[in-house]
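I have placed the structure first, in the form of structure tokens, so that the comments after it can refer back to it.
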Amino acid sequence: MAQAGQTSRASLLPGIAALVLATGYLIALLAVEKQPLIIGLLAFGIAAVLAANWFGWLDPVSRSFADREDRLGCFAILAAFVVAVFFREDHFVLLLFVTVLLYVVATLGLNIQFGYAGVLNFAGASFFGIGAYTSAVLNTYTAIPHLLVLLIGGLLAALIGSLLLLPVLRTRGHYAALVTIAFALLLKTFLEVNDVLGGPQGMQVKPMNLFGWSFNDNIHIGSVELSFYFSYFVVSMVLLVGAFILVRRLERSWIGLNLDALRLDETAASCFGLDIARWKITAFLIGNFLIGIAGALFGMVGSFVAPNNYTFADSLILVSILLLGGIGNPWGLVVATFIVVVVPEKLQTIQEYRFLLYSVLVIAVLLFRPEGLLPRPVRSYFPGWRP
Amino acid sequence: MTALLQARGLTRKFGGVVALDRLDLDVVAGEILGLIGPNGSGKTTFFNVVTGIYGAHEGHISFDGADITKASSRAVYHAGISRTFQRSRLSLPLSIFDNIMIGNHKRLNQGLWFNLMRRGDFKREFEANYRAARALVEVFEPQLAERLFEPVAGLPMIDRRRIEICRALISQPKLLLLDEPSAGMTHDETKELMDDILQVREFNKGLTIIIVEHEMGVIERITDRCAVLNFGRKIAEGPYRQVAADRQVQEAYLGVA
């Protein structure tokens with residue numbers, strides 16, 4: 001946040017230090033297998049963050065990120081590659097990592113809808129599923145280039161989502177949310193009874209193939225062998241960076257301002273000329289587009305789609321990531337997705353109870369930090385810009 | 001003398017309550033009209049009907065030669081009418097600058113491509129608007145102009161009012177509707193705010209203002225003319241002194257038999 005009278009830009013160092021520490025911690029957490037060690041590491045992580053907060057060390061970090069986001073974003077990409085290279089042969093960890101990246105893209109979409117426009121979407125997983133089924137069908141029956149399949153997945157999610165526009169625009173708040181819940185249930189039933197789409201058993205998805213480079217094979221560079229998931233990591237990363245920039249630019253524009261205005265006070269917004277319907281539609285479609293693309297890629301990564309993977313419960317996970325991370329703050333979503341996706345995977349003991357963990361987390365956040373782990377700062381149109 | 005805003009036979013009911021009862025009102029371009037009357041006499045309802053929040057049951061309104069009786073809030077704003085609200089309706093988590101820019105909607109480029117892809121052009125538009133917002137806020141309170149990127153939530157009432165008025169003025173409307181700008185403020189703060197409004201009018205010469213106000217000191221000082229409402233009807237109209245001396249008006253306000 002820009003402080004009055006402060007003219008120099010904040011230093012990069014606190015941000016870089018935080019990124020280095022986070023990367024090291026993540027590598028340790030992903031590498032460790034023994035349950036007691038993992039529990040110890042998690043406890044240590046929580047204690048470290050609380051202590052840093054206590055000593056006021058987090059403020060310089062957030063100032064650094066607020067002012068020098070472009071640079072630190074590049075460093076964050078570098079950090080992601082460091083983690084991926086570290087686990088280059090480990091299928092399991094890379095799959096987990098790719099899952100996190102694609103969930104972040106999906107929640108970025110939800111963030112446009114709920115965080116900015118205030119349209120609560122409880123069918124996130126359904127639109128994710130529409131993307132995944134798109135790649136299942138198109139990769140099986142057509143020879144459409146797979147990058148184009150991703151795009152079609154996004155467009156199809158937006159298109160099918162537009163069926164919901166009328167009821168969503170005519171209802172508000174909880175009632176609009178109910179409409180999306182109904183859609184999630186309908187879509188799951190539709191997929192289950194539809195034999196062309198494999199019914200309850202689902203479908204195989206052919207792996208991605210980019211310009212003749214099949215993502216089914218491990219990569220050999222000299223004597224080094226990379227897991228085939230590494231290719232998916234690269235593509236997911238490109239998608240995430242694109243989505244992140246899109247969301248950031250959207251927020252830092254008059255459109256982001258429009259969405260905030262209509263979320264906070266529709267009456268006042270329309271007294272100042274805002275076309276409420278136009279901007280709600282824009283946010284809903286762009287959001288579903290992002291979720292659909294992420295889903296299309298996720299379908300290829302998982303090589304299998306079934307109705308049970310895209311249920312209302314999965315939508316709730318996406319929404320809880322949004323609440324946990326800090327509604328409206330993309331960096332918060334990255335942190336929250338890591339917590340929500342990685343922790344239950346590593347802590348096998350709680351795997352069965354992971355929904356319990358989510359609910360406890362969400363309730364704790366709502367009680368003690370209602371704006372999420374990383375609350376959204378006041379909009380700055382250009383980071384580091386001074387009058 | 002041409003009327004900028006003209007209401008003829010305007011009626012609005014809420015169930016059995018007639019909030020506006022065949023109201024005729026002319027507002028002349030360039031004047032400051034005071035709209036006064038006891039609580040519940042229909043002043044705010046008149047604003048809400050003019051700005052398209054409520055529809056009129058009978059009668060019509062024309063603005064600048066065009067009929068706006070059935071116009072939506074959006075269309076009314078685009079035609080050149082801005083307003084403030086009785087209970088502050090700022091977006092509290094947003095910055096001062098953001099709140100003022102909400103009022104500037106019609107003069108901002110709303111194209112998706114422009115906003116997302118042409119960031120260089122967007123930056124120029126942003127900077128021009130920053131200067132405009134800053135210049136406007138400076139008229140009201142120079143110290144506030146230094147803090148345009150702070151959230152509104154932390155500001156005292158008088159500053160919130162100032163920002164609300166800036167939000168209404170930034171798009172250079174032809175008609176400004178002020179709904180009880182002094183509500184919730186001390187006597188001195190009210191005086192300060194009225195000085196500011198008069199000063200803004202020096203900048204924006206053609207601006208016409210309708211002000212709803214309970215502080216008669218304010219009305220006396222800044223209005224050219226007053227209209228008095230009671231039970232949705234206009235019971236008197238004219239310069240403040242004349243209206244204040246009117247027996248019907250005194251009865252409505254004080255209940256003198």
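The values are calculated or read from the model by the stated rules, or taken from the named source; none is laboratory data. All values derive from a computational prediction rather than experimental measurement. Every residue, glycine as well, gets a Cβ built from its backbone with ideal geometry; the counts of neighbours run over all protein chains shown. These accessible areas exclude ligands, DNA and RNA; they are computed on the full protein's heavy atoms, side chains included. Shrake-Rupley method; radii C 1.70, N 1.55, O 1.52, S 1.80 Å.
Considered as a group, the residues in region A:217-275 that are β-branched (Val, Ile, Thr), in a helix (DSSP H, G or I) and open to solvent by 30 Å² or more (accessible area, probe 1.4 Å) include one that is nearest to the other protein chains (Cβ to nearest Cβ), and that residue is A:Thr267.
Residues checked against (1) of a type in the set (D, E, K, R); (2) exposed (fewer than 15 other Cβ atoms within 10 Å of the Cβ); (3) within 7 Å of chain A (Cβ to nearest Cβ):
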{"site": "B:Asn99", "(1), (2), (3)": "no, no, no"}
{"site": "B:Arg118", "(1), (2), (3)": "yes, yes, no"}
{"site": "B:Asp121", "(1), (2), (3)": "yes, yes, no"}
{"site": "B:Ala128", "(1), (2), (3)": "no, yes, no"}
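Each residue in region A:337-387 was checked for being open to solvent by 40 Å² or more (accessible area, probe 1.4 Å), within 14 Å of another protein chain (Cβ to nearest Cβ), within 19 Å of the chain's Cα centre (by Cα) and of a type in the set (Gly, Ala, Ser), and 0 pass. The set of residues in region B:141-160 that are open to solvent by less than 10 Å² (accessible area, probe 1.4 Å) and either in contact (Cβ under 8 Å) with a residue 60 or more places away in the chain or not hydrophobic (A, V, I, L, M, F, W, C) (or both) contains only B:Val152. Does B:Glu215 satisfy being free of Cβ contacts under 8 Å to residues at least 40 places away in the same chain, open to solvent by 10 Å² or more (accessible area, probe 1.4 Å), under 28 Å from B:Arg160 (Cα atoms) and touching a Ser or Thr at 6+ places or on another chain (Cβ under 7 Å)? Considered against the rule, which asks whether it is free of Cβ contacts under 8 Å to residues at least 40 places away in the same chain, open to solvent by 10 Å² or more (accessible area, probe 1.4 Å), under 28 Å from B:Arg160 (Cα atoms) and touching a Ser or Thr at 6+ places or on another chain (Cβ under 7 Å), B:Glu215 comes out as yes. Of the strands (runs of 3 or more DSSP E) lying entirely inside region B:1-73, those containing at least 1 residues that are under 20 Å from B:Ala227 (Cα atoms) and open to solvent by 60 Å² or more (accessible area, probe 1.4 Å) are B:3-14, B:17-28, B:58-63. Looking across region A:82-107, just one residue is touching a residue at least 40 places away in the same chain (Cβ under 8 Å), β-branched (Val, Ile, Thr) and over 26 Å from A:Gly124 (Cβ atoms), and that is A:Val82. Screening B:Ser91 with (1) under 16 Å from the mean Cα position of the chain (by Cα); (2) facing chain A (nearest Cβ under 9 Å); (3) crowded, with 22+ Cβ neighbours inside 10 Å gives one miss only, at (1).
Please specify each residue of region A:151-178 satisfying the condition of being touching a Leu at 6+ places or on another chain (Cβ under 6 Å) and modelled with pLDDT of 90 or more. Hit for region A:151-178 is A:Ala158, nothing else. For region B:76-99, enumerate the residues that are closer than 21 Å to B:Gly206 by Cα and of a type in the set (A, V, I, L, M). Scanning region B:76-99 gives B:Val76, B:Ala79, B:Ile81. Looking at A:Leu164, A:Leu138, just one residue is part of a helix (DSSP H, G or I) and more than 19 Å from A:Gly198 (Cβ to Cβ), and that residue is A:Leu164. One residue alone among A:Leu169, A:Leu156, A:Leu148 is under 15 Å from A:Leu285 (Cβ atoms) and surrounded by fewer than 20 Cβ atoms within 10 Å (Cβ to Cβ), and that residue is A:Leu169. In region A:189-205, the qualifying residues are those that are open to solvent by 30 Å² or more (accessible area, probe 1.4 Å) and not in a helix (DSSP H, G or I), and the one that is nearest to A:Phe312 (Cα to Cα) is A:Asn194.
Residue-by-condition table, conditions (1) assigned to a helix (DSSP H, G or I); (2) crowded, with 24+ Cβ neighbours inside 10 Å; (3) in contact with a helix residue (DSSP H, G or I) (Cβ under 6 Å, 6 or more places away or on another chain):
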| position | (1), (2), (3) |
| --- | --- |
| A:Ser64 | yes, no, yes |
| A:Gly73 | yes, no, no |
| A:Leu94 | yes, yes, yes |
| A:Val100 | yes, no, yes |
| A:Leu110 | yes, yes, yes |
| A:Gly115 | yes, yes, no |
